[in-house]
Amino acid sequence: MSKKITNFSKTHKQYVRRLRTTKGLIIFFRIFVLVAFVGMWELLAQTHIIDPFFFSCPSRIVKQLIQMAQAGTLLTHTWVTLYETLLGFAIATVLGYIIAVALWWNEKVRKVFEPYIVVLNSLPKIALGPIIILWVGAGTKAIVLMCILICIVITTMTMMNAFMSVDEGKILLLKSMHANKFQIFRKLIVPNTMPDLVSVLKINVGMSWVGSIMGEYLTSKAGLGYLIVYGGQVFKIDLVMAATVILCILAYLMYFLVSLIEKKYGRK
């Protein structure tokens with residue numbers, strides 16, 4: 001077995017040290033900004049420079065979360081929204097990818113449907129809310145469908161453009177070696193567009209949460225979007241902010257999982 005090289009030049013060690021220092025500083029300032037923001041917010045509320053009734057404050061949000069946890073409603077509402085978001089995210093990403101493959105596979109089909117996809121992408125999805133409710137009824141199905149409609153067009157357009165941008169010379173080379181379309185797709189298109197797929201996943205993380213919350217605004221009896229709407233209606237800003245904090249945490253965790261995939265398949 002070959003021996004592991006452990007002797008590095010002084011310049012290389014300094015470079016690695018600078019990278020570690022920079023990474024540490026970035027993490028420190030990220031935490032510092034968050035702590036400073038929360039601390040300033042609490043201070044302004046406690047000194048009544050801002051009205052806690054309208055702006056709430058971290059201590060009141062924590063108190064609200066504890067009350068919801070004790071009542072057993074926190075996990076219930078969180079799970080409802082998380083389930084709707086993950087389901088819409090998964091279905092939209094898979095279907096969008098399949099549609100993009102179909103459009104890439106057949107040029108005539110792509111030319112026919114591409115203008116309609118562009119129009120659908122520009123259409124405000126909230127306008128389809130009443131129609132969606134009439135189609136599938138109120139509740140989870142309508143919310144998931146709203147989430148799918150928001151994400152699927154973005155997935156389709158992004159992946160289709162990624163497929164089309166693969167070097168034509170490489171495709172011709174494979175064709176000269178008598179590779180069929182499936183082999184070209186599997187050996188060339190898929191590996192070359194993995195970074196684009198990761199980018200789509202990152203975009204869909206945010207858009208799926210937008211879709212599920214938007215759907216819960218229209219029709220829901222449970223979920224974080226429901227809590228935000230209800231809290232606004234009864235002027236319970238603490239409830240609104242508590243639900244928003246949970247949304248931020250869940251969205252960050254979902255984005256973090258995608259970032260782990262990006263480390264392996266993202267652009268170098």
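Please treat every number below as a calculation from the coordinates, not as lab data. These numbers were taken from a predicted model, which means no experiment stands behind them. Here the Cβ positions follow ideal geometry from the backbone for every residue, glycine too, while neighbour counts run over all protein chains shown.
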Taking the stretch 45-94 only, how many residues are among the acidic types (Asp, Glu) and without any contact (Cβ under 8 Å) to a residue 40 or more places away in the chain?
1
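Give me a count of the residues in the stretch 104-132 that are within 24 Å of the chain's Cα centre (by Cα) and surrounded by 13 or more Cβ atoms within 10 Å (Cβ to Cβ). Walk me through how you get there before you give the answer.
First pass over the stretch 104-132, keeping only residues within 24 Å of the chain's Cα centre (by Cα): 117-129, 132.
Subset that is surrounded by 13 or more Cβ atoms within 10 Å (Cβ to Cβ): 117, 120-121, 125-126, 128-129, 132.
Here the count works out to 8.
Being outside any helix (DSSP H, G or I) and either closer than 26 Å to Val136 by Cβ or not β-branched (Val, Ile, Thr) (or both), is that true of even one residue in the stretch 240-253?
No; the residues of the stretch 240-253 include none that is outside any helix (DSSP H, G or I) and either closer than 26 Å to Val136 by Cβ or not β-branched (Val, Ile, Thr) (or both).
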Quick check on my filter: what residues within the stretch 222-253 are of a type in the set (A, V, I, L, M), free of Cβ contacts under 8 Å to residues at least 60 places away in the same chain and buried (at least 16 other Cβ atoms within 10 Å of the Cβ)?
Ile228, Val229, Ala251
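Check Ile203, Ile189, Ile171, Ile184 and return the single one that is touching a Cys at 6+ places or on another chain (Cβ under 9 Å) and over 24 Å from Leu65 (Cα atoms).
Going through Ile203, Ile189, Ile171, Ile184 in turn, the sole match is Ile203.
Which of the residues belonging to the stretch 173-201 are in a helix (DSSP H, G or I) and more than 28 Å from Ile148 (Cα to Cα)? Working first, answer last.
Within the stretch 173-201, the first condition is being in a helix (DSSP H, G or I), and the residues that meet it are 173-176, 181-192, 194-201.
Residues satisfying the conditions are Leu173, Leu174, Lys175, Ser176, Lys181, Gln183, Ile184, Lys187, Leu188.
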Residue check for Phe28: surrounded by fewer than 12 Cβ atoms within 10 Å (Cβ to Cβ), of a type outside the set (D, E, K, R) and more than 27 Å from Met207 (Cα to Cα):
yes
